[in-house]
Amino acid sequence: MLGLAGVVIPLTYLYTASKLPPLESEFDVEKQLKHSIEGERMSLRAGQYERNPRPITFSRPDFSKLPKDLVALYIRHMECPRYFQTPREDGPKWAWRLFAGVLLGTAPPGDGACERILAMRIADALGIKGTREQSVAAHRIHTFLQKDQLIAYDLATIYFERGIVGVEDAALKLFNKELGELKLEELAELQLALPPYYDYRSIKLCKNPTVLRQNRNMLLEDLAGWRLVSEDRARNAMDQPLACSR
C-alpha cells in the first residue's frame, strides 16, 4: 500500500498541477491577480458618473506598508499569535499538512496551519476551486512566497463587494481614509470585516452599533492580553466611539 501510495500521490499531484494556471513564481501570481482585480474594480467604475480619484491598479502587495496593529489583529484571529516567532514550515511536515487537508478535510494544528490557510486563500483569489486543486496550488505558492508575503497577498485580495478588493479598498470605503491613516480602534473595527468574522456589511451599514462596539472592544482586550499591544493603547482605543456612529 505504501508503494502504491508512493506512485499514485505524485501522479495525482502532477496531473492536478497540469490543470492549474502557471504558478512558477511570484510574477505569475501577481500577473493573474492584476488582471482579475483590475477588471473587478473597473466593473464598478464603469457605472459611475463621478470621477473616482483612487486608481484601479493592482500593485504588488508590500508587507512593510501594512499597519503593524492590523497584522497583529489578523494573525491573532487566525489563531496564530506567534506566527512570526516560529520558523517557516517546509519538507515532509508541510507535505503531510497538505495531504491531511485533502484526505481528512482538516490539517494538524500549529503555525504551519496558518501558512496553509493563507496559501489556500490566495489560490481561491486566483479562481482555483476544489480542495485538491487549491492544495496543490497552495504548495506551489508556498514555495516562493515567504510568511510575510503570504499575509500581504491575502490581505490585498480579500473580496468585500463589487469593486472593493483588499484591505486598502475596504479602509477607504468604510472609513474614508487610507489604510495607513487608521487608528487602532478603526483597525480593530476593520478586523471585524476580515476573516474569520466577515462582518463587512454590518460595519458598512452601521448595523447594531452596540454589538459592533462590544465585539471591537473584545478584540482590543484580547490583543492586549496577548501583549500584541500595550494595555494603555488598548484601553484608550476601547474608549473611542465606533467610526460608523460618529
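The values are calculated or read from the model by the stated rules, or taken from the named source; none is laboratory data. Just so it is clear, the structure is predicted and the values come from calculations on it, not from any experiment. Note: ideal-geometry Cβ built from the backbone for every residue, glycine included; neighbour counts use all protein chains shown. Just so you know, the surface numbers come from the protein's heavy atoms only, side chains and all, with ligands and any DNA or RNA stripped out. Shrake-Rupley method; radii C 1.70, N 1.55, O 1.52, S 1.80 Å.
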* Using the Karplus equation 6.51 cos²θ - 1.76 cosθ + 1.60 (θ = phi - 60°), what ³J(HN,Hα) coupling, rounded to whole Hz, does each residue of the stretch 174-180 give in order, writing x for Gly and Pro? -> 7, 10, 6, 9, 6, 3, x
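In whole percent, how big is the carbon plus sulfur part of the accessible area of the chain, probe 1.4 Å, protein atoms only?
Numbers: 7330 of 13340 Å².
Here it works out to 55 percent.
Can you compute the charge dipole magnitude of the stretch 133-219 about its Cα centre, using +1 on each Lys and Arg Cβ and -1 on each Asp and Glu Cβ, nothing else charged? Give it in debye, rounded to the nearest 20. Provide the component values of the computation, followed by the final result.
On the way: 11 positive and 12 negative charges, 55 e Å.
The calculation lands at about 260 debye.
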* Percent RCO, i.e. relative contact order, over the chain, from Cα pairs under 8 Å lying at least 6 residues apart -> 20
* Structure fact -> Dipole check, the chain, charges on Cβ (K,R +1; D,E -1), about Cα centroid: among PHE84, SER245, LEU179 the Cα furthest to the positive pole belongs to SER245
* Asked: In the chain, if every C-alpha pair distance is counted and binned at 5 Å from zero, what percent goes to each bin?
  -> 1, 6, 13, 16, 17, 15, 13, 9, 5, 3, 1, 1, 0
* **1.4 Å probe accessible area per residue over the chain, in Å²** => 54
